[in-house]
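What follows is one structure encoded as structure tokens, with my remarks underneath.
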Amino acid sequence: MRAAPDPPLAQAAGLLARSRRGLAFTGAGVSAESGISTFRGEGGLWSKYDPVQTASLAGFLADPAVYWRVSQDRWQTYRRAEPNPAHLALAGLEATGHLTAVVTQNTDGLHRRAGSRHIVELHGEGGRVRCLDCGAEEPRAEVQARLSTELPPLCRRCDGRHLKPTVVFFGEGLPAAALSAAIELASSCDLLLIVGTSLTVSPAATLPALAVRRGVPVVMVNPEPTPLDSWADAVLRGPAGTILPALTRLVRGRGDSSPVL
Ligand code: BV8
Ligand code: ZN
């Protein structure tokens, strides 16, 4: 009688336990349980605002006030957000050597605050603001604080109107160093753990193919289907904040209180 195949969580734990150069690739879903809404799907940011008008470089240059108006409540959630068990589990897997790095599309800085060390931020980090006219930089919090009286915020040095957060907008190139580091990691990892991304934004969404085409095991963590599910060795359907701690416990061989998915 053939043994029943391992449930996906046990399968994923087996794959991760054997990995020595595992790579996590994350998107907005990994921060959903920290209270930061995702971009797409139910209640996503883009269901309320037009992404091109709000977060494209062309739209920003035309009228920076649109971005800054939209950013006000999103900034409040960013400021209050704390790393959730998903971020902490990924940091734990790096500490035990199962992951070598996290490549993230997120700009909330929560992987770093959770203790991950080797992080590649493909779309920048939202904690600072740079003036596109003179290059002056300021902490984001100080710029957000003056929006009630200054919209769009003006540069303290040159009075310019184009103060832009240090994140990548649509139509803007990704930081070259981050992109090449991410390509190198995706081309050399021995396992790819994809967490909380709809895989719709390029060039980030093209990175998993660098692992898939080498036959590297892929573990997908997402409550919704994604375009890469059929390439995954294990699809863990559910919230990362529950799944990743359960996965970590299995990998570390500690107890088996995790839900069998
Ligand atoms: C570029 C910054 C070229 C802000 C972001 C026309 C003109 C120009 C470019 C293009 C164009 N048409 C297409 C493009 C390319 C464009 C693109 O890909 N567009 C898409 C929409 C078709 N890309 C670009 O413009 C990129 N630049 O191409 O430049 C160039 C090159 C050289 C020189 C000049 C120009 C720039 C892309 C980056 C845009 N910036 N954000 C900010 O983040 O603060 S995009 C935004 O999308 C975020 O960064 C986000 O991380 C990213 C990807 O989305 P996801 O992370 O996947 O989030 P999403 O909401 O989609 O999905 C969440 C998932 O989580 C879901 O699957 C959900 O089921 C799951 N989930 C929910 N809850 C949970 C969960 N999972 C686990 N646990 C849970 N609890
Ligand atoms: Zn300036």
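The values are calculated or read from the model by the stated rules, or taken from the named source; none is laboratory data. Computed from a prediction, not measured in an experiment: that's the story for all the values here. Reconstructed Cβ throughout: ideal geometry from the backbone, glycine too, with neighbour counts over all protein chains shown. The accessibility values were calculated without ligands, DNA or RNA, using every heavy atom of the protein model including side chains. Shrake-Rupley method; radii C 1.70, N 1.55, O 1.52, S 1.80 Å.
The accessible-area ordering, largest first, of the residues 82, 150 stands as 82, 150, per a 1.4 angstrom probe.
Between the helical axis of 176-188 and the dominant principal axis of the chain, each derived from Cα atoms, what acute angle in degrees is found, rounded to the nearest 10? That works out to roughly 10 degrees.
A simple spin-label model places the labels of residue 145 and residue 229 4.7 nm from each other, with each point 7 Å out along Cα-to-Cβ.
Specify the angular offset, from 0 to 90 degrees and rounded to the nearest 10, of the alpha carbon long axis of helix 85-95 from the longest principal axis of the alpha carbons in the chain. So the inclination is approximately 70 degrees.
One Cα centroid belongs to region 85-104, the other to region 171-220; the line between them spans 16 Å. Annotation: per residue accessible area for the chain equals 46 Å², rounded to a whole number [probe 1.4 Å, protein chains only].
Taking amide H positions as modeled 1.01 Å from N, with prolines and chain starts lacking one, the residues under 5 Å from residue 164 and 5 or more places away or on another chain are 130, 131, 132. Taking the Cα centre of the chain as reference, the dipole from Cβ charges on Lys and Arg (+1) and Asp and Glu (-1) amounts to some 460 debye. Seen against the Cα atoms of the chain and their longest principal axis, helix 8-18 is set at about 90 degrees.
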